[in-house]
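Just so it is clear, none of the values below were taken in a lab; they were calculated from the coordinates. This structure is a prediction, so every number in the text was calculated from the model and none was measured. Note that each Cβ is placed from the backbone with ideal geometry, even for glycine, and that neighbours are counted across all protein chains shown.
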Amino acid sequence: MKKRLWFISILCSFLFVIVISLALWLPTKYQVPILMYHSIATAWHEPLNNVNLEHFNRQMAYLKQKGYKVISLVQLVDEIKSGRGHDRKSVVITFDDGYENNYTAAYPVLKKHGFPATIFVEVAHLDHPGRLTWVQAKEMDADGISIESHVMTGAYLPGLSHEQAWGEITQSKKNLQMRLGHPVRFLAYPTGGFSEDIKKIVAQAGYDAAFATNRGYDRDVRDLYEIKRIRMKNSDDDPQMWLKVSGYYNLIRKSKNPF
């Protein structure tokens, strides 16, 4: 009997240490979730990159109802650079590619909730069928939906020569700044692919930060040029939303090669 009580006591002490250690360790791994959308449409030929309007509405309503604070990418990066802490219910919303339905479908929903967002556009494809027009991009950029770079053509950067990558990265920044009339600070890697050389080009081009998907090995945002984002899906219901906006989603994701 004494031996059993001794064993239970040791086990309880061991479990107590584990719980306390987790309670101290887990907050240090919190990261503001950066949600990544593409197309917001009822039907699309790339299901992985599409969330229909009904589900997008529901996901935005979830953030509102649960009291999440949607902040701009500028605020997030400035907080990271300054070392300031983050509100534990902060969320950032981003879109890739620059589809026209970001304006016709997503923009009214974001305005309704008062949510800022960032759209990373393939600059050479603006004014093309199915993509944002410059007029639409400028309207949103002046109204809390910032327009940033997804390079010129959406090319897979690790597959380019140094000179080609330099052109894609720098020319998109120049074009956007000329048309929007203000500095362009951020870039999202097409398909999330990057390399150390690509990161250096992005920094040399004057970007303050760059965003991937789940690629890369930095899980703690030490490197501002490979910040992870979370792909949003049409199938994300409330339990999935809770997990993805928890701030700890990166802990359960498998690391992927950056290229």
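Here are some notes:
- Entry for semi-axes √(5λ) of the Cα gyration tensor in Å (calculated from the structure that is shown) out of [x] 37, 22, 16; [y] 30, 22, 16; [z] 41, 18, 17: [x]
- Per-residue ellipticity at 222 nm computed for the chain from its helices equals -11500 deg cm²/dmol, with DSSP H segments shorter than 4 residues left out and the rest contributing -39,500 (n - 2.57).
- The overall shape of the stretch 50-154, judged from the alpha-carbon gyration tensor, is oblate: a/c is not under 1.5, and a/b is no greater than b/c.
- Among the listed pairs K89/K256; K64/K199; K111/K233; K64/K200; K174/K244, those whose Cα-Cα separation exceeds 32 Å are K64/K199; K64/K200; K174/K244.
- Rounded tilt (10° steps) of 73-82 against the dominant C-alpha axis of the chain: 60
- Cβ-based exposure ranking for S146, S246, S172, S235, in which fewest neighbours within 10 Å come first: S235, S246, S146, S172
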